[in-house]
Amino acid sequence: MRFRLHNLIFVFMGLGVVVGLLLAGVEDKAADWYPTTLQALNFFGRTVFIGMLKMIIAPLILVSIVAGVTSIPSFGDVGRIGTRTLLYYVTTTTLATALGLLLVLTIKPGERGGAEKLRSDRMAVLQEHRASFEAATGKPATVQDAAYLNWIAEREGATGDETYQRVASKKDRSTFDMFVQDIVQPMLMNPFKALSEGKSLGIIFFALLLALVCVAVGEPARPLVNVFQAANHVILRLTQWIMLISPFAVFCLMAWIVAVKGPEVFGSIAWYCGTVIGGIVIHFGVLMGICALLGRMNPLTFLRGMREAWAIAFSTRSSAATLPVTIRCMTRNLGVSPRVANFTLPVGATMNMDGTALYEGVAVIFLIQLYGGMDDVGITLVGGAVLVIFITAVLASVGAAAVPDAGLVTMVLVATAVHLPVYYLPLIFAVDAFLDMFRTSINVMGDAIGAVVVDRFEQPAETKAEA
Ligand code: ASP
């Protein structure tokens, strides 16, 4: 049954791509059936399937962390597992970011392919801004003139694009603001509010505290712990039921996205896409090495056990929506102990995003390569800026929510840290959904290998499942 489901998901995924390509190629997009078909695909894939997965995320995180941590024998053990988990996450995210920067600085996607044309188009637009500024104010437009820079920003910021508005609303925050607003405050919120609004950081922090207090209280807290352990079993079974519709849902999600964002969007920024995807593929190789060497698990065994989770991550573009499936794959297929998986995976889905960190650095440097030196871009690449980008990309990935397009929104932090105006970001909006599929996949793989590694250090090698 499980074997058939894996295969069905992949077959339907391929079918979805084919149908999406056919839809993208339709000449008469105004015909009645066309928007109705897209709407139906979006309804079954996004509204129903992703909706059902999202429905169980908040209770799942609470229940799995409490069940996981309370099954760890002592405080010392909790501390050790926590430290190892964080160490792994920090190391791999740092590695991924450095890899992305290395690639983008060597390949220089911002100087290849259609870059010349993009630059000259942009210069022509700036020329118009210059002329309109000089005509309106009667004074010469100079790069150092703040009024001129505001003039450009106003004209560029006037775009009604919804994603742009979302991105622009996050600008002008310092790194410290971001740390406080995106990490500390969400961690300390009312747990009921966190649960009702699905704020993972708040739920994780509360669940950890609750679990630790249960361990400290001991026997009198046993009935409460039993409730969480039982609820954990029930939620995993619920995930299994939801997965029954996953092949059809994956078909709808793939067909919709390919139809709406047809392959032509890659066009002039193909080098940029290639750099992000290339970086993700290399990082994937590094993770497989870690899986074999530190996790002592055959990478093929790992990949076989994780097939369902990967397909769901790729098609939903959300590590959070994939979390129930990831936990199920790790504990059922790969024999990772629930006490490790239940703790490391929810924390990883929320904070450990290797793909997102890699992508943020590549994207911002690509834009600087492309537009550096223009009237309104106060930066050309220098060593110091690369360091700022490195640090802010890591932070931005920790702060990114585990939902589609989140990386694009937190990239504002990286861009503003090096004074790249946010209105340059829309250039990469068009391809973001495709790149999000790859970065979400590697985000989920990274979390899962973290669980394999931590679990391996928790038990003698010979008892480890070689599924
Ligand atoms: N969609 C990604 C995730 O859920 C986050 C991102 O946009 O980079 O892991």
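Taking all protein chains into account, the per residue accessible area for the stretch 335-467 stands at 24 Å² (1.4 Å probe). Normalising the average separation of contacting C-alpha pairs (under 8 angstrom, six or more residues apart) by the number of residues puts the relative contact order of the stretch 304-420 at 28 percent.
Scanning the chain for long hydrophobic helices, with DSSP H runs required to stretch 30 angstrom or more by C-alpha along their axis and to average at least -1.0 on the Kyte-Doolittle scale, returns 2-24, 75-107, 115-137, 222-243, 270-293, 429-458.
Here the ratio of the Cα radius of gyration of the stretch 64-111 to 2.2 N^0.38 Å is 1.89. The equivalent ellipsoid that matches the C-alpha gyration tensor of the stretch 353-443 spans semi-axes of 21, 14, 10 angstrom, in descending order. When the P(r) is computed for the stretch 1-132, the part past 24 Å accounts for 71% of the Cα-Cα pairs.
Tally Lys/Arg at +1 and Asp/Glu at -1 over every other residue whose Cβ is under 12 Å from the Cβ of Ala124; what's the total? Neighbourhood net charge equals +2.
The peptide list 422-434, 106-118, put in order of mean Cβ contacts within 10 Å with the highest first, becomes 422-434, 106-118.
Ordering 272-281, 239-248 by mean Cβ neighbour count within 10 Å, with the highest value first, yields 272-281, 239-248. Within the same chain, aspartates and glutamates fewer than 8 places from Lys108 are excluded, and of the rest, those with a Cα less than 20 Å from its Cα are Glu116, Asp121, Glu360, Asp432. Dipole size of the chain about its Cα centre, with +1 on Lys/Arg Cβ and -1 on Asp/Glu Cβ: approximately 1320 debye, rounded to the nearest 20. Our compactness index for the stretch 329-368, the C-alpha radius of gyration over the empirical 2.2 N^0.38 Å, is 1.71.
Here the stretch 411-462 is treated as a sphere whose radius is the Kirkwood value from Cα pairs; by Stokes-Einstein at 37 °C and 0.692 mPa s it diffuses with a coefficient of 234 µm²/s. The relative contact order of the chain comes to 31 percent, based on Cα pairs under 8 Å that sit 6 or more residues apart.
Using 0.36 nm per residue and subtracting the Cα-Cα separation, the extra length available between Arg155 and Thr83 on full extension is 21.0 nm. Would you mind checking the pairs Lys199/Lys261; Lys117/Lys261; Lys193/Lys261 and listing those with alpha carbons more than 31 angstrom apart? From Lys199/Lys261; Lys117/Lys261; Lys193/Lys261, over 31 Å: Lys193/Lys261. With N as its number of residues, the chain has a Cα radius of gyration that, divided by 2.2 N^0.38 Å, comes to 1.03. Sorted from longest to shortest, the spans of the Cα atoms of the stretch 302-399 along the three principal axes equal 56, 24, 20 Å.
The values are calculated or read from the model by the stated rules, or taken from the named source; none is laboratory data. Computed from a prediction, not measured in an experiment: that's the story for all the values here. All Cβ positions, glycine included, derive from the backbone under ideal geometry; neighbour counts span all protein chains shown. Only protein heavy atoms, including side chains, enter the accessible area calculation; ligands, DNA and RNA are left aside. Shrake-Rupley method; radii C 1.70, N 1.55, O 1.52, S 1.80 Å.
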